[in-house]
Amino acid sequence: RRVVAAAGELVERALCKVVLLGDREAIRRLAIETRVDSALFPVLASTTDPLFEIYDPQADTELRAKMVDGLFNARKHKGVTYDGALTLLREDPNYYGTMLLQLGLADGMVSGACHSTAATMRPPLQIIKMKSGVSIVSSIFFMLLQDGVKIFGDCAININPSADELATIACASAETARAFGLEPRVALLSYATGDSNTGALIDKVRDATTKAREMLPNELFEGPIQFDAAVDPAVALVKFKGKENSVAGKANVCIFPSLDSGNSAYKAVQQASKCVAVGPIMQGMRKPVNDLSRGCTINDIVNTVVVTAVQAQALEAEEAASS
């Protein structure tokens with residue numbers, strides 16, 4: 001019901017083309033119940049490229065037949081049989097949606113309203129895989145705060161990233177910021193700022209900062225740095241002893257040293273400020289795939305789909321520039 005209602009809003013506002021997976025008549029009934037049928041179903045009869053399509057994994061046998069060879073060939077080395085691939089496509093919408101991406105029939109995928117993160121991400125990781133040169137998939141949240149948008153990462157995927165992985169997360173998050181029109185100022189967070197303390201965790205963050213600067217020399221990174229020094233100019237002035245710093249006090253991308261700290265921080269900020277948190281938004285996939293919370297609202301779905309569409313546009317522009 002939430003997904004269909006969100007689809008109605010996306011189509012009505014012409015934000016992107018929407019492809020729903022499911023039984024056509026069941027979707028029509030839900031559209032009537034949620035009063036979005038007038039937004040969705042007339043466009044199906046359009047002679048031009050419609051903003052709304054339905055694929056039925058159970059009924060679309062011709063399309064499923066095109067998919068099954070690709071899925072079988074991609075997973076046969078893991079013991080998946082031809083009949084097993086057919087069953088996955090018929091019974092698991094995440095495999096069906098992943099194959100739509102693989103065949104170029106969709107530009108991005110959003111799932112999770114009725115599925116776990118593992119169920120959502122497993123098929124894309126198996127078939128779509130990561131971008132060339134990317135070692136890990138990571139995630140960020142857009143925190144829509146009163147004083148502006150901040151990006152928090154990684155708050156959903158990597159439990160205890162190494163220095164190399166933390167640097168990769170920081171660079172991916174900087175690139176995500178740029179894709180959405182933000183000039184990234186990236187703070188790699190810790191419980192100490194600069195050389196005020198030592199320890200294994202601080203050293204990891206310091207090493208990650210050095211590596212991130214080497215990976216993206218034209219972007220701004222600072223770390224280790226405490227959260228208050230990263231976002232508050234007055235605190236930054238004290239902790240950096242009046243020295244000018246391009247990130248301190250001005251950070252809009254905050255990278256946490258572990259999933260424990262990142263997940264706790266985004267939830268604490270969201271609850272304390274009552275801000276909107278859009279995510280988790282996945283980074284590093286060859287094509288954009290994003291996961292919804294099973295408790296997501298209609299607005300959460302709309303926001304995540306729009307972010308996915310922007311990621312797809314950025315990827316298209318990146319591919320065009322490199323060709």
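Test each condition in (1) within 24 Å of residue 117 (Cα to Cα); (2) more than 27 Å from the chain's Cα centre (by Cα); (3) open to solvent by 80 Å² or more (accessible area, probe 1.4 Å) for residue 25 and report the one that comes out false.
Only one criterion in (1) within 24 Å of residue 117 (Cα to Cα); (2) more than 27 Å from the chain's Cα centre (by Cα); (3) open to solvent by 80 Å² or more (accessible area, probe 1.4 Å) is unmet by residue 25, namely (1).
Condition check ((1) over 15 Å from residue 282 (Cα atoms); (2) buried (at least 16 other Cβ atoms within 10 Å of the Cβ); (3) not acidic (Asp, Glu)) across all residues:
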site	(1), (2), (3)
99	yes, yes, yes
104	yes, no, yes
119	no, yes, yes
123	no, yes, yes
136	no, yes, yes
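Tell me, which helices (runs of 4 or more DSSP H) lie completely within region 1-87 with 3 or more residues that are within 19 Å of residue 308 (Cβ to Cβ)?
2-12
Among the numbered criteria (1) surrounded by fewer than 18 Cβ atoms within 10 Å (Cβ to Cβ); (2) under 23 Å from residue 221 (Cβ atoms); (3) of a type in the set (A, V, I, L, M); (4) in contact with a helix residue (DSSP H, G or I) (Cβ under 8 Å, 6 or more places away or on another chain), which single criterion is violated by residue 259?
All conditions pass for residue 259, except number (4).
Is one or more of the residues making up region 56-69 at pLDDT 90 or above, open to solvent by 20 Å² or more (accessible area, probe 1.4 Å), among the basic types (Lys, Arg) and more than 19 Å from the chain's Cα centre (by Cα)?
No: zero hits.
Within region 157-174, which residues are open to solvent by 30 Å² or more (accessible area, probe 1.4 Å) and either in contact (Cβ under 8 Å) with a residue 60 or more places away in the chain or assigned to a loop (DSSP other than H, G, I, E, B) (or both)?
Within region 157-174, 157, 159, 160, 162 meet the criteria.
Name the residues in region 133-145 that are over 10 Å from residue 279 (Cβ atoms) and touching a residue at least 12 places away in the same chain (Cβ under 8 Å), would you?
Hits for region 133-145 are 134, 135, 136, 137, 138, 144, 145.
Among 153, 148, 79, 108, which is free of Cβ contacts under 8 Å to residues at least 40 places away in the same chain and either farther than 17 Å from residue 280 by Cα or buried (at least 21 other Cβ atoms within 10 Å of the Cβ) (or both)?
79
Pairs only if they're at least six apart or on different chains, beta carbon under 9 angstrom, first in region 114-128 and in contact (Cβ under 8 Å) with a residue 40 or more places away in the chain and in a helix (DSSP H, G or I), second basic (Lys, Arg) and open to solvent by 60 Å² or more (accessible area, probe 1.4 Å); list them, first residue then second.
From region 114-128, the pairs are 124/286; 126/78.
Could you list, in sequence order, all residues of region 262-295 that are open to solvent by less than 50 Å² (accessible area, probe 1.4 Å) and β-branched (Val, Ile, Thr)?
269, 278, 281, 289
The values are calculated or read from the model by the stated rules, or taken from the named source; none is laboratory data. Note that the coordinates shown come from a computational prediction; the quantities given were computed from them, not determined experimentally. Cβ sites come from the backbone with ideal geometry, for glycine too, and all protein chains shown count toward neighbours. When the accessible area is computed, the model is the full protein with side chains, heavy atoms only, and any ligands, DNA or RNA have been set aside. Shrake-Rupley method; radii C 1.70, N 1.55, O 1.52, S 1.80 Å.
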